[in-house]
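The structure's right below; bear with me while I get my questions together.
The values are calculated or read from the model by the stated rules, or taken from the named source; none is laboratory data. Given the structure is predicted, the values throughout are model-derived calculations rather than measurements. No Cβ is skipped: glycine too gets one built from the backbone with ideal geometry, and neighbour counts run over all protein chains shown.
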Amino acid sequence: MSDSNGRDDESHCAVRNVVFIVLDTARAKSVGMQSFPADRNAPTADPIGIQSAPGDRPGSSGDSVGARPTPTLTRLAEEGTAFENAFATAPWTLPSHASFFTGTYPSEHGTHGGHTYLDDDLRTMPEAFADAGFETIGVSNNTWITEEFGFDRGFEDLRKGWQYIQSDADMGAVVRGEDLREKLGATRDRILDGNPFVNAANILYSELLQPAGDDGSDRSTDWIADWLADRDDDRPFFLFCNFIEPHVQYDPPAEYAERFLPEGASYEEATAIRQDPRAYDCNDYDISDHEFALLRGLYRAELAYVDHQVGKLRTALEDAGEWEDTLFVVCGDHGEHIGEHGFFGHQYNLYDTLLNVPLVCHGGSFTGGGRRHDLVQLLDIPATLLETAGIDDPELREQWSSRSLHPESDAQDRDAVFAEYVAPQPSIERLETRFGEIPDRVREFDRRLRAVRTTEYKYVRGDDGFERLHRVRTDPLEHTDISDEKPERVRALRRRLEERFEPFTEASASGEVEMRDGTKERLADLGYL
């Protein structure tokens, strides 16, 4: 039975509010999940959260087991429920956020590097909360997550952390520019969109004046704390916040970096390393093993800094008297390569380094839940949050592939998780414009990829015939391709992909994922078509 706002009176929920925090680019292997107390009942399969990659060993790279980067998240996991085998549906921000906002896979929501707008005919999780009577507030520090790309629907207020003066005219394209040429071009194209003086102030702030070592999280947590303290609304609230500090550029405050850099390394040495993933991919410059070790130290320092901001949010909720009535969920939207598999950044492949992310829930029935080892997807978040809040939204439920992770849910556990990389971002053409001739290795990335992962195997297939098979139980770092040795396993997992998605041959025949009419109009307005 539901009330007039769609809240289920007979739900097993024990929370009033929902807070959903995304740590942009946080990978499970560096968050410190291995620091949680040992669970004697834990299965031995898929030790994703506790393995280190070559060159990423304690003491050599700053990815030290002894130095916990995320004590706040560790405490939340010890008090709540930690999902050690949580996986994103895509390896970068836009399609991953679209998946957990809608409960759909990338080829279903159609939002990717070629189609960058979340279609108007897709129901979103914030819309479900708003229609159920919640106050809905969003704080984004990632320029992809804005009204420009369709992520404002359902939010009463969606704030932009890179803006010094909140404005409807968004200079995020300047922030997203890969190099000076792209930034200057975006400035030229957008400076007159609205108030040019406000736009100029926001560009100066984001590009030159933003405090060193912070990419918006400190101002965001301060604003949220003030909002909570001044709030006189009787409605429950849904709060979403994206923190982007772990994303390149890694520039943590010096006092954080010094805790995680390899012995003998200096902050000045580490921050002097060029951080340009696409230039590295295209052989424009090289990064040594020692430099990658320094970069991993900076990355973990960024995680430590943003973890501190999560702690500030918890304190603000406690001070406002809301903590005990709040479901508090923290996850990464995707991971990061910092030298693993020869990559820097989070594009062009579907290794678990990019897909395995932290996911922790605290509040209501999740409190005291311990560690869970079942396979889960980030697109399970909508069903989980709505069930915990006692909301039934038939329109969202009709479109999603989401399964609730609530401890008392009757949803069936997953025996496999899936991921997609629909189109390269940036495109090969964009790389050619910037670098001229690009390596054949990079040109090969101009393909679509899909992956299916069980507790035993991981299979990745491309629309160009590329395929890899790994036995992740014994090869969790995905170094050894055994596809030639296990042809029956390859065929079985290929069938799983084709059961979940249409075959690549059918997809290729139509050229791309079919674009919705609303997307075509929006992309034309934005100049993409």
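Of the residues in the range 285-299, how many are crowded, with 19+ Cβ neighbours inside 10 Å and of a type in the set (Phe, Trp, Tyr)?
Result for the range 285-299: 2.
Between residues in the range 216-242 that are at positive phi and residues that are among the polar types (S, T, N, Q), which pairs lie under 7 Å by C-beta distance while being six or more apart or on different chains?
Correct list of pairs: GLY216/ASN141.
Do you know which residues across the range 443-470 are among the basic types (Lys, Arg) and within 25 Å of the chain's Cα centre (by Cα)?
ARG447, ARG448, ARG450, ARG453, LYS458, ARG461, ARG468
Yes or no: GLU498 free of Cβ contacts under 8 Å to residues at least 24 places away in the same chain and surrounded by fewer than 20 Cβ atoms within 10 Å (Cβ to Cβ)?
Taking the combined requirement at face value, the residue satisfies it.
Going by the conditions given, is ARG450 assigned to a strand (DSSP E or B), crowded, with 16+ Cβ neighbours inside 10 Å and touching an Asp or Glu at 6+ places or on another chain (Cβ under 8 Å)?
In short, yes.
Can you say whether ARG314 is out of contact with any Asp or Glu (no Cβ under 6 Å at 6 or more places or on another chain), of a type in the set (Lys, Arg), surrounded by fewer than 24 Cβ atoms within 10 Å (Cβ to Cβ) and within 23 Å of GLN425 (Cβ to Cβ), as far as the supplied structure shows?
Criteria not met by ARG314.
Results for (1) surrounded by 23 or more Cβ atoms within 10 Å (Cβ to Cβ); (2) assigned to a helix (DSSP H, G or I), shown as yes or no for each residue.
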residue: SER96; (1), (2): yes, yes
residue: PHE101; (1), (2): yes, yes
residue: GLU108; (1), (2): no, yes
residue: THR111; (1), (2): yes, no
residue: ASP121; (1), (2): no, no
residue: GLU148; (1), (2): no, yes
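To continue, here is another question. So, in the range 267-281, exactly how many residues are buried (at least 16 other Cβ atoms within 10 Å of the Cβ), part of a helix (DSSP H, G or I) and charged (D, E, K, R)?
Residues in the range 267-281 being buried (at least 16 other Cβ atoms within 10 Å of the Cβ), part of a helix (DSSP H, G or I) and charged (D, E, K, R): 2 in total.
Matching residues to (1) more than 19 Å from CYS331 (Cβ to Cβ); (2) surrounded by fewer than 18 Cβ atoms within 10 Å (Cβ to Cβ); (3) among the basic types (Lys, Arg):
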residue: VAL357; (1), (2), (3): no, no, no
residue: CYS361; (1), (2), (3): no, no, no
residue: GLY364; (1), (2), (3): no, no, no
residue: GLY368; (1), (2), (3): yes, yes, no
residue: ARG372; (1), (2), (3): no, no, yes
residue: LEU378; (1), (2), (3): no, no, no
residue: LEU386; (1), (2), (3): no, no, no
residue: TRP400; (1), (2), (3): no, no, no
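Hey, does the range 205-213 have a residue that's touching a Phe, Trp or Tyr at 6+ places or on another chain (Cβ under 6 Å) and surrounded by 14 or more Cβ atoms within 10 Å (Cβ to Cβ)?
Yes, the conditions are met somewhere in the range 205-213.
Of everything in the range 127-137, what is of a type outside the set (S, T, N, Q) and crowded, with 23+ Cβ neighbours inside 10 Å? Give them in sequence order.
Within the range 127-137, ALA128, PHE129, ALA132, PHE134 meet the criteria.
Condition check: crowded, with 21+ Cβ neighbours inside 10 Å and over 16 Å from the mean Cα position of the chain (by Cα). Does HIS308 satisfy that?
Against the criterion (crowded, with 21+ Cβ neighbours inside 10 Å and over 16 Å from the mean Cα position of the chain (by Cα)), HIS308 does not qualify.
Looking for something among the polar types (S, T, N, Q) and modelled with pLDDT under 80 - is there at least one such residue anywhere in the range 208-221?
Yes.
Could you grab me the full set of residues in the range 478-529 that are of a type in the set (Val, Ile, Thr) and modelled with pLDDT of 95 or more?
Scanning the range 478-529 gives THR480, ILE482, VAL490.
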